[in-house]
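Written below as structure tokens is the structure these notes are about.
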Amino acid sequence: MKAKNCLIFGGSGQIGLNLIRKLTKNNYRVTVVTRNIHQKSYKIKTQANAGYINIVEANIFDENKIRNLFSKADICINLIGILYEQKKGSTFKNIHSVFPSLLAKLCKEYNLKQFIHLSALGINEAIDSDYAKSKLEGESNILKNFPLAIILRPSIVYSVDDNFTTNFMRLLSVLPIFPLYYEGKTKFAPIHCSDLTDTIYHVISKNIYSNIIECIGPEVISFKDLLERLLKLMNKKRILIPFPLTLAKLTANFFEMLPNPLLTRDQLRLLKYNNISSGKYKTNFDIGIPSVRFFDKEVEKYSYMWRDGGQFSTEKYTSKKNLENKTS
Ligand SMILES: NC(=O)c1ccc[n+]([C@@H]2O[C@H](COP(=O)([O-])OP(=O)(O)OC[C@H]3O[C@@H](n4cnc5c(N)ncnc54)[C@H](OP(=O)(O)O)[C@@H]3O)[C@@H](O)[C@H]2O)c1
């Protein structure tokens with residue numbers, strides 16, 4: 001059977017790198033489009049068997065350049081997304097709405113078999129978030145241009161390569177007190193990156209079309225519970241204090257002035273809404289790909305780096321037996 005060609009936008013991110021490993025291992029050929037081949041290609045290349053990966057540098061809005069790539073593709077996967085807006089065109093509207101719409105149009109024109117787009121969970125509910133509104137608009141544009149598209153809506157995605165658990169652990173390891181927004185009551189269904197890419201792989205290999213699928217982990221965890229679990233895994237104690245909204249907004253205002261803001265006002269609005277299955281759409285569990293990776297067990301594999309002693313804090317180094325061996 002001829003190997004299928006997958007054209008991936010945003011393949012250098014957390015989800016992309018994991019997905020490339022899965023696809024190429026299963027004999028899919030992958031072409032990844034990146035904005036900066038010099039910066040990203042060494043990382044992308046190491047994820048795949050030689051001969052199965054091709055990397056192309058392009059401005060994602062250069063229609064002529066990306067158009068050529070569609071003629072050889074069977075499947076297009078869009079993993080490009082942003083959490084905050086930046087100048088020079090990196091706006092929610094451009095990235096989450098205009099660009100996916102262009103991809104869907106090209107998928108239709110070149111008769112691609114599948115278009116898989118990564119959206120986000122909870123966007124119907126988060127009506128005052130610009131991020132959520134743009135993701136929703138993107139979905140609607142896609143379905144107009146390519147009704148067969150598959151839209152995946154993940155809850156928070158975590159892994160050793162994420163900007164979520166690793167960022168929180170970095171902050172928790174240096175800050176003596178930590179703010180709880182909305183009293184830490186917001187609920188999440190964090191999904192491990194590998195469980196998510198198993199779902200994407202299933203959608204591709206089983207030729208699933210025209211559906212919105214919510215991608216959730218096996219547990220529902222509140223923001224407070226999540227921080228407490230991370231602290232336990234890091235073997236640290238910190239004071240978690242509920243933060244008044246006005247103060248939270250003020251800090252978000254300040255953070256927005258930084259190049260990579262820790263929290264923006266829009267993210268603060270988003271945090272108000274639970275990020276769990278809506279019950280209105282099928283989930284990965286319903287399509288036969290239940291998430292099998294549990295938060296504590298997975299994060300334990302890399303959380304030791306934020307414990308006192310860093311790499312030497314693992315049981316391997318600290319167990320009694322080992323110490324005895326060393327001293328004898
Ligand atoms: N991670 C999560 O927790 C989560 C949760 C829900 C939904 N999602 C969605 O899942 C998708 C993939 O997530 P991810 O965490 O893997 O994404 P990511 O690592 O943040 O970004 C994926 C790639 O998108 C490209 N990109 C980023 N900003 C861009 C811009 N302004 N213009 C053009 N390209 C840009 C980058 O590729 P190059 O630098 O190589 O060009 C980047 O490596 C996104 O749509 C995201 O919204 C993620």
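Scanning segment 6-21 for residues that are part of a helix (DSSP H, G or I) and of a type in the set (V, I, T), which turns out farthest from the ligand (Cβ to nearest atom)?
I20
Go over the candidates L270, L247, L263 one by one and state the one that is at pLDDT 95 or above, under 29 Å from V220 (Cα atoms) and not charged (D, E, K, R).
Result of the check over L270, L247, L263: L270.
Return yes or no: is L172 at pLDDT 95 or above and either within 15 Å of the ligand (Cβ to nearest atom) or part of a helix (DSSP H, G or I) (or both)?
yes
When the test is whether a residue is within 10 Å of the ligand (Cβ to nearest atom), of a type outside the set (D, E) and touching a residue at least 12 places away in the same chain (Cβ under 8 Å), I55 passes it. Among the residues of segment 214-225, are any buried (at least 19 other Cβ atoms within 10 Å of the Cβ), out of contact with any Pro (no Cβ under 9 Å at 6 or more places or on another chain) and farther than 26 Å from E125 by Cβ? No: zero hits.
Residue count for segment 131-164, restricted to those that are surrounded by 18 or more Cβ atoms within 10 Å (Cβ to Cβ), more than 15 Å from the chain's Cα centre (by Cα) and either part of a loop (DSSP other than H, G, I, E, B) or without any contact (Cβ under 8 Å) to a residue 40 or more places away in the chain (or both): 3. Does K93 fit the bill of being under 15 Å from L17 (Cβ atoms) and either more than 9 Å from the ligand (Cβ to nearest atom) or surrounded by 12 or more Cβ atoms within 10 Å (Cβ to Cβ) (or both)? So K93 fails the test. Scanning segment 1-24 for residues that are out of contact with any Cys (no Cβ under 7 Å at 6 or more places or on another chain), crowded, with 18+ Cβ neighbours inside 10 Å and among the hydrophobic types (A, V, I, L, M, F, W, C) returns C6, I8, F9, L17, L19, I20.
One line per residue, one yes/no per condition, for (1) under 20 Å from E85 (Cβ atoms); (2) more than 12 Å from the ligand (Cβ to nearest atom); (3) among the hydroxyl-bearing types (S, T, Y); (4) at pLDDT 95 or above:
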{"site": "V98", "(1), (2), (3), (4)": "yes, no, no, yes"}
{"site": "S101", "(1), (2), (3), (4)": "yes, yes, yes, yes"}
{"site": "A104", "(1), (2), (3), (4)": "no, yes, no, yes"}
{"site": "C107", "(1), (2), (3), (4)": "no, yes, no, yes"}
{"site": "N111", "(1), (2), (3), (4)": "no, yes, no, yes"}
{"site": "F115", "(1), (2), (3), (4)": "no, yes, no, yes"}
{"site": "D128", "(1), (2), (3), (4)": "yes, yes, no, yes"}
{"site": "L136", "(1), (2), (3), (4)": "yes, yes, no, yes"}
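Reported count of residues in segment 117-130, each being outside any loop (DSSP other than H, G, I, E, B) and surrounded by fewer than 23 Cβ atoms within 10 Å (Cβ to Cβ), is 1. Here L180, L143 are screened, and the one residue that is over 19 Å from P244 (Cα atoms), away from the ligand (no atom under 16 Å from the Cβ) and modelled with pLDDT of 95 or more is L143. When we screen N94, N5, N27 for residues that are more than 18 Å from the chain's Cα centre (by Cα) and either at positive phi or β-branched (V, I, T) (or both), the only hit is N27.
Among the candidates N211, N167, the residue that is surrounded by fewer than 21 Cβ atoms within 10 Å (Cβ to Cβ) and within 16 Å of the ligand (Cβ to nearest atom) is uniquely N167. Scanning segment 22-37 for residues that are away from the ligand (no atom under 15 Å from the Cβ) and not in a helix (DSSP H, G or I) yields N26, N27, Y28, R29. From the list K72, K88, K40, the one residue that fits, being within 12 Å of the ligand (Cβ to nearest atom) and either farther than 30 Å from M257 by Cα or free of Cβ contacts under 8 Å to residues at least 24 places away in the same chain (or both), is K88. In segment 98-119, the residues that are in contact (Cβ under 8 Å) with a residue 24 or more places away in the chain and of a type in the set (F, W, Y) reach residues that are within 11 Å of the ligand (Cβ to nearest atom) and outside any helix (DSSP H, G or I) with C-beta atoms within less than 9 angstrom, at least six apart or across chains, in these pairs: F99/F9; F99/I60; F99/F61; F99/N78; F99/I80; F115/I77; F115/N78. The one condition from (1) within 22 Å of I20 (Cβ to Cβ); (2) assigned to a helix (DSSP H, G or I); (3) β-branched (V, I, T) that I82 does not meet is (2).
The values are calculated or read from the model by the stated rules, or taken from the named source; none is laboratory data. Everything numeric here is computed off the predicted structure, so don't read it as measured data. Backbone-built Cβ (ideal geometry, glycine too); neighbour counts: all protein chains shown.
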